[in-house]
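Asks: First the structure, which I've put down as structure tokens, then a few questions once you've had a look.
Each reported figure results from applying straightforward, stated rules to the coordinates on display, with no laboratory input. Nothing here was measured: the structure is a model prediction, and the numbers come from that model. Reconstructed Cβ throughout: ideal geometry from the backbone, glycine too, with neighbour counts over all protein chains shown.
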Amino acid sequence: MRQVFKLTVVVLLYCFTSPAMSEDALETILFGSCIKQDRPMPLLRQMANEKADAVIFLGDNIYADTSDMEVMRNKYARLRNDPDFQSLLMASPIYATWDDHDYGINDGGADYPQRKLAQKEYLDFWQVSVDSLRRKQAGVYDAVILGPVGKRVQIILLDTRYFRSPLKKSEERRVGGPYIPDHDPQKTMLGEAQWKWLKKQLQQPAEIRILASSIQLLASDAGQETWSNLPRERKRLLSLIQSTNANGLFIISGDRHWSEYSKVEKDLEYPIYDFTSSSFNQIHPRGTPTENRFRANSKTYHKENYGLINIDWNKSDPVIQIEIRDSSGELQIEQALKLSELQSN
């Protein structure tokens, strides 16, 4: 397992733009989402204690909710100066994408007028290199490949905000929110430039692929923001995974302020899983999840939590253990996957 001793090392590791390689195989990867920058975040110190090879932030890394970039910058500064966040920075390299609140507006998409400026604030906070492609492109999507041949892990960070078309609302609000599926073929989640880029990434050689989406991809329509609100885009992504023969893939997501995992296998070459971890330091006020007919485990978890991925490369058929852990590091939800189960026939 790599040891990261300086923040500068963290930055260098994070700033590689696809595809990058490292010599060491990843064994432990953490993930999660949703930090209120003004609240205590001791869970991040617990995560630092894991000494993970990588940490993935899935968005809502601050709650900016503003069009004023100075306000956004100050909120980023509060997160940066938090000692628990600092402890995690020093412990492990971090790879991040954004969601609506650090993007700048609740449930925001391509119609947010400050998206270009918000992208600069995001890249500056994460100290992304000045020569990174993320400084030149629209949107914060990125990918990296870590590990030697035979043990390569690809991390794909999607941007589900910058290009996303407006969502369709129902006059009758459901428990989870006002949104309903919209089959308009002109609407997009990722935008054509990101779709083209994603196809190329899925064709890169890797044994394990972690597809990071800030919002749930597999969960069924229940009113809240999910890919199911744009069902043509959801289908397009699942079809792209198949057409590119992208083996070894599973999804991680955040946003919900609870944790669960979903599974879809009908009409697919292998089962696709979506593991949701949320929130780092907020408890869902309702305490009950919305409907999700693709939920693969009846248990959900609604207090502070993070996700842990442990890869046992020593097995003849490598085992990927995905867990949801609470603020004390105790196991709450788990699922083990054999790498052979994530392969096309």
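Asks: Projecting each Cα onto the charge dipole of the chain (Lys/Arg +1, Asp/Glu -1 at the beta carbon, about the Cα centre), which of 191, 119, 46 comes out farthest on the positive side?
Replies: The residue sitting farthest along the positive end of the dipole is 191.
Asks: Skipping prolines and chain starts, which residues have an amide H placed within reach, meaning under 5 Å, of the one on residue 143, given they are 5 or more residues away or on another chain?
Replies: 18, 157
Asks: Please give the net charge around residue 233, taking every other residue with its beta carbon less than 12 angstrom from that of residue 233, where Lys and Arg add +1 and Asp and Glu add -1.
Replies: It works out to a net charge of +3.
Asks: In nm, to one decimal, how far is the modelled label at residue 117 from the one at residue 173, with both set 7 Å along Cα→Cβ?
Replies: The modelled label-to-label distance comes out at 2.9 nm.
Asks: Okay, next question. Can you work out the FRET efficiency for the pair residue 268 and residue 24, with r the C-beta to C-beta distance and R0 = 25 Å, to the nearest 0.05?
Replies: The value I calculate is 0.20.
Asks: If you take every DSSP beta bridge fully contained in the stretch 237-281, what fraction is antiparallel? Give it as a percent rounded to 5. Each step should come with its number before you reach the end.
Replies: Values: 5 of 8 bridges.
Close to 60 percent.
Asks: Please report the antiparallel percentage of DSSP beta bridges with both residues in the chain, rounded to the nearest 5.
Replies: 65
Asks: Please give the contour-minus-distance gain from residue 345 to residue 124: 0.36 nm per residue of separation, less the Cα-Cα distance, rounded to one decimal in nm. If you can, show how the numbers build up before the last one.
Replies: Details: separation 221, 0.36 × 221 = 79.56 nm, distance 4.36 nm.
Residue separation times 0.36 nm, minus the Cα-Cα distance, leaves 75.2 nm.
Asks: Starting from 0.36 nm per residue, how many nanometres of slack lie between residue 316 and residue 288 once their C-alpha separation is accounted for?
Replies: Once the chain is fully extended between residue 316 and residue 288, it gains 6.1 nm.
Asks: If you wrap a convex hull around the Cα atoms of the chain, how much volume per residue is inside, in Å³? Walk me through the intermediate numbers first.
Replies: Values: hull volume 43.7 nm³, N = 345.
Cα-based convex hull of the chain, divided per residue, equals 127 Å³.
Asks: Okay, helix-only estimate at 222 nm for the chain: each DSSP H run of n ≥ 4 adds -39500 (n - 2.57), divide by all residues, round to 500 deg cm²/dmol; what do you get?
Replies: -6500 deg cm²/dmol, from helical runs alone.
Asks: Which of the residue pairs 199/315; 196/338; 75/116; 200/315; 199/235 have a Cα-Cα distance greater than 20 Å in the structure shown? Please list the in-between numbers first.
Replies: Details: 199/315 30 Å; 196/338 30 Å; 75/116 18 Å; 200/315 30 Å; 199/235 14 Å.
Correct reply: 199/315; 196/338; 200/315.
Asks: List the relative contact order of the chain as a percent without decimals, with contacts defined as Cα pairs under 8 Å and 6+ residues apart. Can you show the working numbers first?
Replies: Working: 846 pairs, mean separation 61.8, N = 345.
Relative contact order of the chain: 18 percent.
Asks: Give me the base-10 log of I(q)/I(0) for the stretch 224-306 at each q in 0.17 Å⁻¹, Debye formula, one uniform scatterer per Cα, rounded to two decimals.
Replies: Log-scaled intensity ratios, in q order: -0.74.
Asks: Right, another one. Sorting 128, 71 on the 10 Å Cβ count, fewest up front, what's the list?
Replies: With the fewest neighbours first, 128, 71 line up as 71, 128.
Asks: Quick one: plug the Kirkwood hydrodynamic radius of the stretch 85-140 (C-alpha pairs) into Stokes-Einstein at 10 °C, 1.306 mPa s, and report D in µm²/s.
Replies: 128
Asks: Still on this structure, please answer the following. Only counting other Cβ atoms within 10 Å, I'd like 232, 286, 293 sorted with the fewest neighbours first.
Replies: Ascending Cβ contact count within 10 Å gives the list 293, 286, 232.
Asks: Most exposed first by the Cβ proxy, i.e. fewest other Cβ within 10 Å, how do 160, 244, 188, 288 rank?
Replies: 288, 244, 188, 160
Asks: Estimate the FRET efficiency between residue 136 and residue 328 by the formula 1/(1 + (r/R0)^6), using the beta-carbon distance for r and 45 Å for R0, to the nearest 0.05. Don't skip to the end; give the middle numbers.
Replies: Details: r = 43 Å, r/R0 = 0.95.
So the FRET efficiency works out to roughly 0.55.
Asks: Which FRET efficiency value, to the nearest 0.05, is calculated for residue 186 and residue 39 with the Förster distance at 56 angstrom and r the Cβ-Cβ distance?
Replies: Working: r = 40 Å, r/R0 = 0.71.
In this case the efficiency is close to 0.90.
Asks: If you don't mind, another one. Hey, can you rank 33-39, 162-168, 73-79 by average C-beta count inside 10 Å, highest first?
Replies: 33-39, 162-168, 73-79
Asks: Please report, in debye to the nearest 20, how large the charge dipole of the chain is about its Cα centre when each Lys and Arg carries +1 at its beta carbon and each Asp and Glu carries -1 there.
Replies: Dipole about the Cα centre, nearest 20: 460 debye.
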